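Scroll down for the structure; my scribbles are underneath it.
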Amino acid sequence: MPVKDDIRTFLQNKEFDKLVELASRDKKVIRHLTSFLYNEDELLRWRAAEGFAAIVKSPHVLSIEKIHILIDRLTINLEDQSGGNAWGAIEAFGAIIAARPYELDGQIPKLFSFIHDARLWKGILWSARRIGEQDPGLLKNRLHMVIGLLRNPSKTTRGHAAWTLGAIGDSDVLEILETLQKDTNRIHIYDQGELREVTVGEIAKRSIAEIKATPQHFKPSALSKKPLRVPGRPRAAKRGVTSRQKPSV
């Protein structure tokens, strides 16, 4: 069976361990896996991004130098202005960082450099969630960007922003999240290998519970009572964050 067919089967069955084993034997796996980031099947694209995370977690498969080369290639696709070429690339970028956050934390500014592109907001927010699950402190200087998207007209954007805050937010964002609890708009979020349909309000409630369950080790500055900005680069605000365990959505 061709390597690409094997990869497809592993992604469809969520057999990431077999994907890693194949990648350790065949260098072509990375190239073929990249092609799935641009597949028309959304679930397959998400699992391809997850596949990169699984491979990157195994240092015997890819050295840190090769990981940086892989990130550079994804960045080139993201910088391509032709339209659809960036499908799945931002999610793979974020999943890779989350797989080895303390070695790749220097790539976080590059990830957020694409925040000006509204088409990439969902992927950036999902990536921030994944990184925040490992260490929310890595994103303390990006928190204001996530907060600025909570009141975005796009249900997908504000839903993912609310979900991200469950991992990187603090007690000061609770009031804003509470205003979203009655939002009945339904969206899909990729979590634990599946696309899950939830309402924005359900996400907000879960993020509130997640934040409340996390001890606050210091008092962050209060949020402004003025309306939050919606643009891709909202006004900065200092925040403190603490680590927390990953919940399921």
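Odds and ends about this structure:
- Of the whole protein surface, Thr179 contributes about 90 Å² of accessible area at a 1.4 Å probe radius.
- Segment 128-202 - charge dipole about Cα centre, Lys and Arg +1 at Cβ, Asp and Glu -1, debye rounded to 20: 300
- Near Asp183, once Lys and Arg are set to +1 and Asp and Glu to -1 for all other residues with Cβ below 12 Å from its Cβ, the sum equals +4.
- Peptides 22-30, 1-9 ranked from most to least packed give 22-30, 1-9, packing being the mean of other C-beta atoms within 10 angstrom over each peptide's residues.
- Candidate aspartates and glutamates for bridging to Lys110, where Cα separation is under 14 Å - those fewer than 8 sequence places away on the same chain excluded: Asp72, Glu79, Glu91
- For the cross-link pairs Lys122/Lys212; Lys4/Lys140; Lys28/Lys205; Lys66/Lys122, the ones whose C-alpha atoms lie over 32 Å apart are Lys4/Lys140; Lys28/Lys205.
- Here segment 162-207 yields Rg over Rh of 0.99, to two decimals, using C-alpha coordinates and the Kirkwood radius.
- Start at zero, step by 5 Å, and the Cα-Cα distances of segment 28-142 spread as 2, 12, 25, 26, 21, 10, 3, 0 percent across the bins.
- Nearest-10 value in Å² for the accessible area of Phe10, using the 1.4 Å probe: 30
- Cα-centre dipole for segment 29-125 with unit charges at Cβ (Lys and Arg positive, Asp and Glu negative), debye to 20: 160
- When the residues Ile96, Ile64 are ordered by accessible surface, computed with a 1.4 Å probe over the protein chains alone, the sequence from largest down reads Ile64, Ile96.
- Computed over segment 18-88: relative contact order in percent, which uses C-alpha pairs under 8 Å that are six or more apart: 34
- Cα lying deepest toward the dipole's positive end in segment 59-132, options Ile115, Ile76, Trp126, charges on Cβ: Trp126
- Electrostatic tally near Lys27: other residues with Cβ closer than 15 Å to its Cβ, Lys and Arg +1, Asp and Glu -1, net +2.
The values are calculated or read from the model by the stated rules, or taken from the named source; none is laboratory data. Note that this is a predicted model, so its numbers are computed, not measured. Methodologically, a virtual Cβ is constructed for each residue, glycine included, from the backbone with ideal geometry; neighbour enumeration extends over all protein chains shown. Just so you know, the surface numbers come from the protein's heavy atoms only, side chains and all, with ligands and any DNA or RNA stripped out. Shrake-Rupley method; radii C 1.70, N 1.55, O 1.52, S 1.80 Å.
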